[in-house]
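The values are calculated or read from the model by the stated rules, or taken from the named source; none is laboratory data. All values reported here derive from a predicted model rather than from experimental measurement. Don't worry about glycine lacking a Cβ; one is built from the backbone with ideal geometry, like all the others, and counts go over all protein chains shown.
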Amino acid sequence: MSDTLRVLVLGATGYVGGRLVPRLLEAGHDVRCLARDPAKLRDAAWADRTQIVDGDLLAPETLHGAFADIDVVYHLVHSMGGGRDFAGRDRRIAATVARAAADAGVGRMVYLGGLSSDAGQASEHMRSRAEVADVLRAGAVPVTELRAAVIIGSGSASFEMLRNLVEVLPVMVTPRWVESRVQPIAIRDVLRYLIGVLVVDDDKSHIYDIGGPDVLTYRQMMRLYAEVAQLPHRIIVGVPLLTPRLSSHWVGLVTPVPAAIAKPLVDSLVVDAVADDGTTAIERLVPGARIDYRTALHLALARVRDHDVETSWREADLTDRGPAEPEPGDPAWSGGTLYADVRTARSSAPALEVFRAVCGVGGDRGWPSHNWAWRIRGVLDRAIGGIGLRRGRRDPDTLRVGDALDFWRVVAVRAPDGDQPGVLRLFAEMRLPGKACLEFHIVPTERGSVLRQRALFAPKGLLGRLYWWAVVPFHGMIFPTMVTTLARRAEVGATSTGVPTGPPWGRDGVPAAADRGRRRARRAG
């Protein structure tokens with residue numbers, strides 16, 4: 001193939017796809033991204049160097065010319081969150097991709113699948129990934145399939161599950177699958193192989209197992225993590241009676257990874273996941289030193305420590321949310337009945353400073369009013385199978401469309417510019433009898449700014465209406481304080497020398513360091 005290829009990436013909003021696109025650009029290729037929600041890619045650092053097209057792989061009529069004039073298609077779309085018919089949905093998507101690629105005369109497809117040493121005992125999700133590969137290969141376009149096991153990288157679901165289990169639990173009661181053999185691979189090697197296979201220039205389909213140089217049990221992986229993270233020795237006690245289903249619920253309870261994602265991860269560990277050929281085939285095709293497991297952990301932890309997580313499993317959609325328009329106004333999904341709680345606060349701080357304060361909510365900092373109540377709501381959500389608060393956020397200071405923020409999803413974010421107001425709109429992904437949205441409008445004024453906060457809820461049936469009226473007293477307690485606290489935080493951030501808006505906050509909206517100093521002064525006085 002030529003040095004410069006025209007590449008279409010399906011799944012650019014996902015964990016691997018979001019990292020692959022900039023590296024394809026660095027390699028000199030022309031990149032087009034297909035997205036059901038193009039706004040999710042708007043804030044990517046590489047967005048202005050790619051062509052982003054709107055289309056839904058479950059609606060072939062929306063694809064238009066997305067596949068036209070394309071040399072290679074990367075298929076990186078998986079239903080990680082599950083759902084009752086996730087396997088059928090992925091097969092339909094694969095069939096649509098195969099037909100569209102053939103009709104457009106695409107030269108090759110590259111697919112990232114899963115690695116399992118025992119196809120007969122493979123989990124439902126692993127079988128689904130194999131079925132997708134079969135559907136793609138049944139088409140007229142040759143397919144290069146890369147099969148990987150556990151991917152180690154900052155933000156990957158596998159890494160986050162491992163990290164939180166080891167860091168939270170000094171003593172672990174573990175099921176039988178911790179003795180399964182796994183060949184983990186660093187995300188950097190996954191990306192290197194995905195780009196390296198572009199050298200294949202024939203009319204045949206190929207399958208390559210990819211993995212790092214180490215073959216370990218999951219028990220060994222956990223102990224090595226504790227060593228690299230400089231944690232005390234972890235005690236791991238095996239209990240064969242724990243089933244994968246119970247294990248996934250336990251992972252969902254202990255770690256930020258919800259059970260919907262933990263289940264396919266745990267299921268894939270029930271059998272060995274080791275490359276049949278020792279990865280020699282891919283090494284011949286794409287030579288280069290592979291990153292060992294210990295080094296991959298060091299790299300991932302450094303990214304987490306530096307708040308430099310490029311993409312994350314948090315971006316995965318776990319609910320069928322409705323659309324929310326980026327401009328102020330009642331959301332289109334509200335239908336007939338729409339309940340609203342509206343609060344307003346004035347601030348002497350510039351609008352941009354208020355916007356920064358608003359964009360700093362959630363995650364490790366918590367929420368600016370009655371954080372204990374938010375935590376209880378998160379615990380209740382996890383108890384009924386939701387995602388809870390521990391999903392956190394990708395970056396402590398900045399937000400972009402598509403980011404997860406605790407049990408919210410960012411659907412609109414725009415900084416104030418001149419006379420134009422700033423907007424942050426969050427769509428609820430917690431389990432609710434209806435649809436909820438929390439939005440902030442920051443309007444510049446001659447003497448500072450006005451912060452308008454709206455909580456919107458479109459109930460579903462009688463249960464939804466009863467739910468709204470049940471939580472109204474809590475709204476009356478939390479929301480007035482929240483909007484005034486955010487306005488005050490902005491004023492402190494704008495006037496305090498050397499105190500940015502970003503750090504964790506103490507009581508009454510004052511930065512934690514200043515709050516501690518104030519309390520020390522009171523005690524001394």
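Side notes on the structure shown:
- Number of residues in the range 187-243 that are in a loop (DSSP other than H, G, I, E, B), out of contact with any Ser or Thr (no Cβ under 8 Å at 6 or more places or on another chain) and not charged (D, E, K, R) equals 11.
- Residues in the range 61-91 that are closer than 21 Å to Arg6 by Cα, outside any loop (DSSP other than H, G, I, E, B) and in contact (Cβ under 8 Å) with a residue 40 or more places away in the chain: Val72, Val73, Tyr74, His75.
- Residue match in the range 442-461 (condition: assigned to a helix (DSSP H, G or I) and either under 23 Å from Gly388 (Cβ atoms) or small (Gly, Ala, Ser) (or both)): yes
- In the range 412-425, the residues that are part of a strand (DSSP E or B), touching a helix residue (DSSP H, G or I) at 6+ places or on another chain (Cβ under 7 Å) and closer than 27 Å to Arg303 by Cβ: Leu424
- Which listed residue, of Arg409, Arg375, Arg390, is out of contact with any Phe, Trp or Tyr (no Cβ under 8 Å at 6 or more places or on another chain) and either more than 23 Å from Ser156 (Cα to Cα) or outside any loop (DSSP other than H, G, I, E, B) (or both): Arg375
- Single residue of Val304, Val342 found to be under 19 Å from the mean Cα position of the chain (by Cα) and either assigned to a helix (DSSP H, G or I) or modelled with pLDDT under 95 (or both): Val304
- Of all residues in the range 194-221, those that are within 21 Å of Val16 (Cβ to Cβ) have Cβ atoms under 7 Å from Cβ atoms of residues that are at pLDDT below 90 and hydroxyl-bearing (Ser, Thr, Tyr), 6 or more apart or on another chain, in Asp209/Thr279; Ile210/Thr279; Gly211/Thr279.
- Residue pairs meeting the criteria (Cβ under 9 Å; at least 6 apart or on separate chains; first without any contact (Cβ under 8 Å) to a residue 24 or more places away in the chain, in the range 405-417; second assigned to a strand (DSSP E or B) and among the acidic types (Asp, Glu)): none
- Counting the residues of the range 165-177 that are part of a helix (DSSP H, G or I) and modelled with pLDDT of 80 or more gives 3.
- Test: Ala138 is free of Cβ contacts under 8 Å to residues at least 60 places away in the same chain and within 25 Å of Ala281 (Cβ to Cβ): yes
- Among the residues of the range 448-462, those identified as over 30 Å from the mean Cα position of the chain (by Cα) and farther than 10 Å from Ala351 by Cα are Gly461, Leu462.
- Which numbered condition Val379 fails, given (1) over 19 Å from Thr311 (Cα atoms); (2) crowded, with 19+ Cβ neighbours inside 10 Å: (2)
- Among the conditions (1) under 19 Å from Val182 (Cβ atoms); (2) modelled with pLDDT under 65; (3) assigned to a loop (DSSP other than H, G, I, E, B), the only one that Ser248 does not satisfy is (3).
- Within the range 36-54, the set of residues being among the small types (Gly, Ala, Ser) and surrounded by fewer than 22 Cβ atoms within 10 Å (Cβ to Cβ) comprises Ala39, Ala45, Ala47.
- For the range 193-219, a residue qualifies if it is surrounded by fewer than 18 Cβ atoms within 10 Å (Cβ to Cβ) and charged (D, E, K, R), and the qualifying residues are Asp201, Asp202, Asp203, Lys204, Arg219.
- Scanning the range 256-301 for residues that are outside any loop (DSSP other than H, G, I, E, B), modelled with pLDDT of 75 or more and β-branched (Val, Ile, Thr) turns up Thr280, Ile282, Thr295.
- Matching residues, the range 421-465, being over 14 Å from Leu338 (Cα atoms), charged (D, E, K, R) and in contact with a Gly (Cβ under 7 Å, 6 or more places away or on another chain): Arg431
- Restricting attention to the range 106-135, the residues being hydrophobic (A, V, I, L, M, F, W, C), modelled with pLDDT under 85, in a helix (DSSP H, G or I) and buried (at least 17 other Cβ atoms within 10 Å of the Cβ) number 1.
- Failed item in (1) out of contact with any helix residue (DSSP H, G or I) (no Cβ under 6 Å at 6 or more places or on another chain); (2) over 19 Å from Gly65 (Cα atoms), with Trp46 passing the rest: (1)
- In the range 1-16, the residues that are of a type outside the set (A, V, I, L, M, F, W, C), in contact with a strand residue (DSSP E or B) (Cβ under 7 Å, 6 or more places away or on another chain) and not in a loop (DSSP other than H, G, I, E, B): Arg6
- Per-region count, the range 17-53, residues within 19 Å of Val97 (Cα to Cα) and either in the same structural domain as Arg414 (by TED's automatic domain parsing) or not in a helix (DSSP H, G or I) (or both): 10
- Taken together, the criteria place Arg523 among residues that are modelled with pLDDT under 90 and of a type in the set (D, E, K, R).
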